[in-house]
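Below: the structure, in structure tokens.
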Amino acid sequence: MPASLSPNEEAQLAQTIEMFEVITQSQPLDYQSLEILKEAYSKLGREKDVVGTSKRIAQAYVQLGQLSSAILEYESILQRFPDDPDVQRALAAIENKANSFANGGETDFLSKPQPPAPGTRKQPDGKPAVAAADIDDGRQMMQKIFIEGKLLSQTDFDMYWPTPKLNEAPRQAVEPFLHVLAEKQILPVDRSLKVVVEKSRFAYVPLEKYDVDIELARTFSKDVCNRWCILPFDKMSKSILVATANPFNKQAARDLEALTKNRLLWYVASPAELLKIVKKAFR
């Protein structure tokens, strides 16, 4: 156990591991969550678990067709354990797969995971520097999911979709669309959450069981977090974990990216729990 860790830090890391093991067991291709797991194991000095998680990350990359990223992950293991037979077999399999693509197949195996779109220009008050008509707040994708999926009528969608007010600071967190649908008894939240998670492929995080870092959240713009009902809830190394009930909201991502140099990792959360914690953080 690293001597530099306090009992409180050890407890927080243990909670992180417990939470993200659950997430990654249900979503084994979520390499972002696996990276968080690997770092937590590393900080606790659990070398065997670090290597095991690193292999899971590489396997996820292979399944996603990102072979170059998988190779880099496997090679990082070989730097410490050059004779690892599992890694050697995996690299040989990747080489064969890459060769088959080179002989006429098509793949994006040289591609890297793409970062979110660049942020709008940074403003001290955290307000987006775009007009309401120009923003992509996820409306189009949500409309496609809920209306074409026959979960909502166009009338209900138009009535309850929240229109952002960009020219004024929100007094409190704006209720997420999924929360409004549930409150109005239009669509149960478990059903709407299920479809959003499936379509976005974002991992779900149970905030009610997580030790949310309220002070971290308060280092971000109150206006941005309230306007989009988003919550930076934890930090692992250079990554900020952010909860949302609308994973298609590109403007929220841009606004938040403009406020930090850290990488943002997004998770879907229960809209009711998210709303409750955002209100608590920025009351």
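Things worth noting here:
- Cross-link check: pairs LYS165/LYS250; LYS43/LYS250; LYS38/LYS250; LYS48/LYS261; LYS199/LYS222 evaluated at a Cα-Cα cut-off of 26 Å; pairs beyond the cut-off: LYS43/LYS250; LYS38/LYS250; LYS48/LYS261; LYS199/LYS222.
- The packing ranking, built from the mean of other Cβ atoms within 10 Å per residue, places the peptides 145-156, 55-66 in the order 55-66, 145-156, highest first.
- For the chain, the dipole from Cβ point charges (+1 on Lys and Arg, -1 on Asp and Glu) about the Cα centre works out to 680 debye, to the nearest 20.
- The chain: C-alpha gyration tensor shape, a/c 1.5 cut-off, then a/b vs b/c: prolate
- log₁₀ of I(q)/I(0) at q = 0.16, 0.19, 0.20, 0.26 Å⁻¹ - the range 1-85, Debye sum with one point per alpha carbon: -0.63, -0.84, -0.91, -1.23
- Share, in percent, of DSSP beta bridges within the chain that are antiparallel, nearest 5: 40
- Rounded to the nearest 20 debye, dipole of the range 124-283 from Cβ charges on Lys, Arg, Asp, Glu: 220
- The range 189-234 gives an Rg/Rh value of 1.03, both radii derived from C-alpha positions and Rh following Kirkwood.
- Highest mean packing comes first when the peptides 219-228, 41-50, 196-205 are listed by Cβ atoms within 10 Å, giving 219-228, 196-205, 41-50.
- Prolate/oblate/rounded call for the range 166-221, Cα gyration tensor, a/c under 1.5 rounded: oblate
- Rounded to the nearest 500, the 222 nm mean residue ellipticity of the chain from helices alone is -15000 deg cm²/dmol, with -39,500 (n - 2.57) taken per DSSP H run of at least 4 residues.
- For the pair ALA93 and SER153, the difference between a 0.36 nm per residue extended length and the Cα-Cα distance amounts to 16.7 nm.
- For the peptides 18-25, 32-39, the ranking by packing is 32-39, 18-25, with the highest mean count of neighbouring Cβ atoms within 10 Å listed first.
- Heavy-atom accessible surface of the range 133-282: percent carbon and sulfur, 1.4 Å: 46
- Global form of the range 213-283, assessed from the alpha-carbon gyration tensor, a/c cut-off 1.5: rounded
- Other residues within the sphere of radius under 9 Å centred on the Cβ of ILE57, judged by their own Cβ, net out at +1 (K and R +1, D and E -1).
- Dipole orientation for the chain: of the candidates ILE77, SER221, ALA14, SER221 has the Cα lying most toward the positive pole (charges on Cβ; Lys, Arg +1; Asp, Glu -1).
- At a probe radius of 1.4 angstrom, the accessible area of the chain per residue rounds to 54 square angstrom.
The values are calculated or read from the model by the stated rules, or taken from the named source; none is laboratory data. Keep in mind it's a predicted model, so treat the numbers as computed, not measured. Here the Cβ is made from the backbone with ideal geometry for all residues, glycine too, and neighbour counts use every protein chain on show. We work out accessible area using only protein heavy atoms, side chains counted, and drop any ligands, DNA or RNA first. Shrake-Rupley method; radii C 1.70, N 1.55, O 1.52, S 1.80 Å.
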